[in-house]
Every structure is written in structure tokens, then in C-alpha cells.
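What follows is a short report on a single structure.
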Amino acid sequence: MRQLIRAAGGAVLGLMAMACGDGGFTPDPGVRTEDAEAVDLENLRILVSGQAAVFPEAVRADAPSLAGMTLTVEEPLRVAVNDAAATFATGEVSEDGTFRVTDVPVRDIHQGLGMGLAHDGLVRSTTLVYDTAFTGTRPRTDIIDARAWALPIAFVDQLGAAVGAPRLAGHTGDPAATLATAGFVLGRVVDLNGQPVSGVRVALDRSELSDRLYYPSEDLASVSQAGTASHGLFLYVHSAGVVESFKVSVEGQDAYVARNVDVGPGLGVVLSVYPGRYAP
């Protein structure tokens, strides 16, 4: 039985460093590769499987069931720019919340993979499950134990109300803007055990965007720019305009690898930020 390696977004990866067609070798993926199964580098297709669920802080009695919903394996960057080739494969959420998507072509990945959900009652979202920031290369074997988080409209509206209409208008230039229409990033900082980290601040590699970062309060009723509460959440508000690409890390914590993020209008990007190369 092959060794399974933890990787981005709760995914478990096995990456194979092997000879390329030109006689060279792929870069060291930065993870353990013993017993990993090789894939056909001329026709890279993998399995992506895992669990879809409503975002934990959004779970309520009226939270929608995800059973039967379509989900997509996609490139978040391409989704953000409305690229027709953004979707690599589609699958369906089972009654127990699991999903299994086969034959996912990954040759043309630029920065990573996300699991996309779009349905009545939900805000269009994509959850990052693979990031080339960790490996410098595309996945070589299956991604399993991935998580796809669903964001109910009521929950996103609650976060938008916490930010407030004046701030949303200031960031977008539109007094009628909502968090959902603006686009946003919802992240959680966790430790090596996967537990939320409080009292930390995230950093962007583009300082001109730092005023768009907020930290929801414990009850999600307000936001500050001081640092994470006990749930470890942070929120980035997009401009509702052109796509913004940047890297997210944690201030003063070198163990946290800077993550690739691409966000556009009408899109919610969900990710966990954790120390090291392997997800807890």
C-alpha cells in the first residue's frame, strides 16, 4: 500500500520525482516520495477525492444539504479571470458528503487546484486543495482527503455586515456592493495539529492591499485589523474589479509557507494556512 503524504488544503498527496521526456528530472517536490505510484507524464490524470461540507462557522439548523450537488475540480486563477478552460473535471457530492472525481488532467496547472461549489443558497466558492507553492510543480499522484467548503449566502452576508457597507463601498467604489459581489478570501490560520491560532496576523506580499485584510470577531458580528480570534479566521475583501493575485503568509512565523491566492469579483476563495509543507 503506497505511502500517503499530507499536502495542501487537507489533501493527502504522493508526489513522484521521475524522469521527464527530455531526459531531465522533475524538481524535488519537497515531500517524501518513497512508495508513491508513478503516473504517465505524457497524459497526467489524477483522482481527487474527499469530503464536502458547510463551512464550520456557518453550520446552522437550516444549513443546506450538499448531497447531489455538482462540484468542480478547477484552477482558481482561471476561475477568477473567467477562463473557459478553468474546469478540469466535475463530480457529485454523495449522500454522506464524500466526492470522488477521476481522470483529472493536471498538465496545464499554473498555480494550483481548487474544489468549486456553486448552487442555490450558496455563494460561488473554491477551496484550495493543491498549491504549487509547496512543490514547485503540479501534482503527480492522487489527491485524497481534500475538503470542499460550502459558504451559505446567509453566512457570507453576515461577514459582509461585520465588515460594514462603508468599508465595502470604500474597497469597491460601489455603495451597493456586498461581500459576495465584491469577491473575497476566507482563510483560517492553524497550527501543526490543525487547531486554529489566535492572536496572529497574516501578511500579503503586496503591501498596497493590506488594508483589505480583516479579522472577524468571536461572534462574527464585527471585524478588526488587530489579529485572529480563537477561530483563527481572516477575511480579505476584493475590489470587485480586475483579478488580484498575491501570496499569503503569517507575520513573524517563517514556518508558514507563503500561499498563492487569486481572487476575482463574485468569487469566494477558501483556504487553510498552516506551518510546514504538510497539512495537519
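Residue 31 meets the conditions (1) within 18 Å of the chain's Cα centre (by Cα); (2) at pLDDT below 90 in every case but one. The failed one is (1). For the stretch 264-276, the candidate set comprises residues that are of a type outside the set (Val, Ile, Thr), in contact with a helix residue (DSSP H, G or I) (Cβ under 8 Å, 6 or more places away or on another chain) and part of a strand (DSSP E or B); within that set, the residue that is surrounded by the fewest Cβ atoms within 10 Å (Cβ to Cβ) is 272.
For the stretch 124-154, name all the residues that are under 14 Å from residue 270 (Cα atoms) and open to solvent by 10 Å² or more (accessible area, probe 1.4 Å). Scanning the stretch 124-154 gives 124, 128, 147, 149, 152. Counting only helices (runs of 4 or more DSSP H) that sit completely within the stretch 110-189, those holding 2 or more residues that are closer than 25 Å to residue 56 by Cα and in contact (Cβ under 8 Å) with a residue 40 or more places away in the chain correspond to 153-163, 179-182.
The values are calculated or read from the model by the stated rules, or taken from the named source; none is laboratory data. All figures in this text were calculated on a predicted structure; none of them were measured in a lab. Here Cβ is always computed from backbone atoms with ideal geometry, including for glycine, and neighbour counts include all displayed protein chains. Keep in mind that these areas ignore ligands, DNA and RNA; they rest on the heavy atoms of the full protein, side chains included. Shrake-Rupley method; radii C 1.70, N 1.55, O 1.52, S 1.80 Å.
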